[in-house]
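Heads up: the structure comes next, in C-alpha cells.
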Amino acid sequence: MSAQSKDVLQPGRLKILIAVRHPVGGIRTFLRYVHARLDPTRYEVSLVLPESAEQEAIRSDFSAHLPAFFFVPSDTSLVRLVLRLLEVARFQKPHVIHSQGLTAGVCASVAAMLTRTPHVMTLHDVFLPPMFRGFTGYLKHLMLSLFLRLPQRIHCVSQDVRENLLEFFPSQKKNGSRVVVIFNGIDVERFANVAPRGIRSQLGLMPDTFLLGFFGRFMSQKGFKYLVDAVALLVKGSTLPRSLFVLTFSNDGFYREEQARVRELGLEPYFRFLPFEPNIAPILHDLDAVAIPSLWEACPLVPMEAMVAGVPVIGTDCIGLREVLAKTPSRICPAKDSVALAEAIQSEMLNSTKSEAAIFKQEAAGRFDVRERANEIETLLRGLAGLS
C-alpha cells in the first residue's frame, strides 16, 4: 500500500485514522481546526478521503504533521470505501478511528468492528422526517439503528444535533454516556484582526455599495434560492437606500443551476459568483453583512467566523443555526421565508448593526474559541485509546 507522505512513528504517539466521505464545508474546516492543530510529536495522523477540489488545501492544513493520505475516487461506492478503510486500518494499525459525518461513520464502524479498533463518530448531520418515509425509509432507519450502536462514542457538534439524534433514534438514550456534545469552534485569531482584501475596488464597485456575503455550498439545505428571491423582492419592490451586491464563494453543488436562475430573474447586476476561497477572513472584513438563509444546520462555522470578525449576520431560526445565533446581535428570521429575509436585509441596510457586532466580537471570540473544544476531543480520543 502506498501513501503520499509518511513519517516515522515515534514511541508514545497516538495513531489516529480519520475517515471522511465528504471533505467539504464544515467537515473540511473541522479537520483544520481540530486534527491539524494536534501536536505532531504526540500524534500520527492518517486520512482516508475522496479526491476533491479541496484536497490540496487539506494537504496544506496538515503540513505540520506529514500525514499519510489515502485517497479514493470521488464517486467511490460505500462498499469500496469500507474496503479501503479496512485495508488502511490493517496496514496503519491505528489506536483509534475518528470518522467525520454519518456516511463516513457507518463505513468506519464496519472497519473498526472488524479490526477491533475504538471508533469515535463525529455527527455533523441532522435527521429529517422525509429521510425515513415509506418502506425504503423504514429500512434505512432500521439499518442506521444497528450501525449507530457500533461506535464507542458518538460526538455531536451541538446540543441541537444531540436532541435530533435522540428524537429519531431514542434507543441511544439507553446508554447516554456514548453520546457526547462538544460544541464546534473556530480559530479566533484567524479572523479577529485581519486587514480587508479591498474587494470593492477589485470588483470595480462604488465605496458605498452594500456587500452581502454568502459562503454556503449550492445545495438546497443552504437556502440560496430564498436569498435570490429576497433580492428580487428588494430590487423590484422598493427603492433601496444603497446599491446592493451579493458575493458568493463556491462552485460546488448546483452552481450552474443557481447562476441560470439568477439570469432568468434578471438579477445578474446584483450577484457575483466567485470561486471557493480557502481563507475567507480578509473577505469578511470587506462585507457589510453575511447572509445564512439555511434550512437546517448541525453547528455552522461561518456565523462564528463572521461574529469574531465583527461582521453582522442575517440568519434563520433553523435547527443548529439558531443555537449559534442565540443571544447575539444577529438578525434572525424564519427559514424558507424570503419576505422576512428581504425585510432583514433592508433593515440592515437602513440601520447597520456593525457597531453592535464590533462590540460583540470580543464575547464571540471567547464563546467560539476552538482551543478548549479541541482539547476536549483530544481527551476523548486518548481516553478511548487507553492513553493518558
(message) Which residue, 24, 347, 165, has the largest displacement toward the positive end of the dipole of the chain when charges sit on each Cβ (Lys, Arg +1; Asp, Glu -1)?
(response) 165
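Can you tell me what share of the DSSP beta bridges in the range 30-159 is antiparallel? A percent to the nearest 5 is fine. Write out the running numbers ahead of the final one.
On the way: 0 of 13 bridges.
Antiparallel bridges: around 0 percent, rounded to the nearest 5.
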(request) Output the Cα-based Rg and Dmax of the range 228-386 in Å, rounding Rg to one decimal and Dmax to a whole number. (result) 17.5, 64
(message) Under a Cβ-only charge scheme (Lys and Arg +1, Asp and Glu -1), can you give me the dipole magnitude of the chain about the Cα centre, in debye to the nearest 20?
(response) 1200
(request) Run a plain Debye calculation on the range 137-213 (Cα atoms as equal point scatterers, no solvent) and give log10 I(q)/I(0) at q = 0.11, 0.18 Å⁻¹, rounded to two decimals, same order as the q list. (result) -0.55, -0.79
(request) Scan around residue 179 for amide H atoms under 5 Å from its own, H built in the peptide plane at 1.01 Å from N, and keep only partners 5 or more places away or cross-chain. (result) 154
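Is there a pair in 222/327; 225/327; 236/327; 236/336; 173/361 whose C-alpha atoms are over 31 Å apart, and which pairs would that be? Numbers along the way, then the final one.
On the way: 222/327 22 Å; 225/327 27 Å; 236/327 33 Å; 236/336 20 Å; 173/361 37 Å.
Beyond 31 Å between Cα atoms: 236/327; 173/361.
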(message) Let me check the size of the chain from its C-alpha atoms; what are the radius of gyration and Dmax in Å?
(response) 21.5, 68
(request) Using only the Cα atoms of the range 207-274, each taken as one equal point scatterer with no solvent, compute I(q) by the Debye sum, divide by I(0), and report log10 of the ratio at q = 0.21, 0.28 Å⁻¹. (result) -0.87, -1.44
(request) For the range 118-264, list log₁₀ I(q)/I(0) at each q in 0.19, 0.20, 0.22 Å⁻¹, using the Debye formula over Cα point scatterers of equal strength and ignoring solvent, two decimals each. (result) -1.18, -1.24, -1.35
(request) Sum up the charges of everything whose Cβ sits under 14 Å from the Cβ of residue 334, counting Lys and Arg as +1 and Asp and Glu as -1, but leave residue 334 out. (result) -1
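From the Cα gyration tensor of the range 84-197, with a ≥ b ≥ c the square roots of its eigenvalues, which class applies: rounded if a/c is under 1.5, or else prolate if a/b is larger than b/c, or else oblate? Don't jump to the answer; show the numbers that get you there.
Values: a/c = 1.92, a/b = 1.22, b/c = 1.57.
Cα axes put the range 84-197 in the oblate bin.
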(message) Helix-only mean residue ellipticity at 222 nm, the chain, DSSP H runs n ≥ 4 weighted -39,500 (n - 2.57), per residue, nearest 500. What is it?
(response) -12000 deg cm²/dmol
(message) Counting only Cα atoms, I'd like the Rg/Rh figure for the range 221-322, Kirkwood definition for Rh.
(response) 0.94
(message) Whole percent per 5 Å bin, from 0 to the bin with the longest distance: what is P(r) over all C-alpha pairs of the range 31-131?
(response) 2, 12, 21, 24, 23, 12, 4, 2, 0, 0
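Each value in this text was obtained by applying a stated rule to the coordinates, not by laboratory testing. Bear in mind the structure is a predicted one, so any value in this text is a computation, not a measurement. Glycine also receives a Cβ, built like all others from the backbone with ideal geometry; neighbour counts cover every protein chain displayed.
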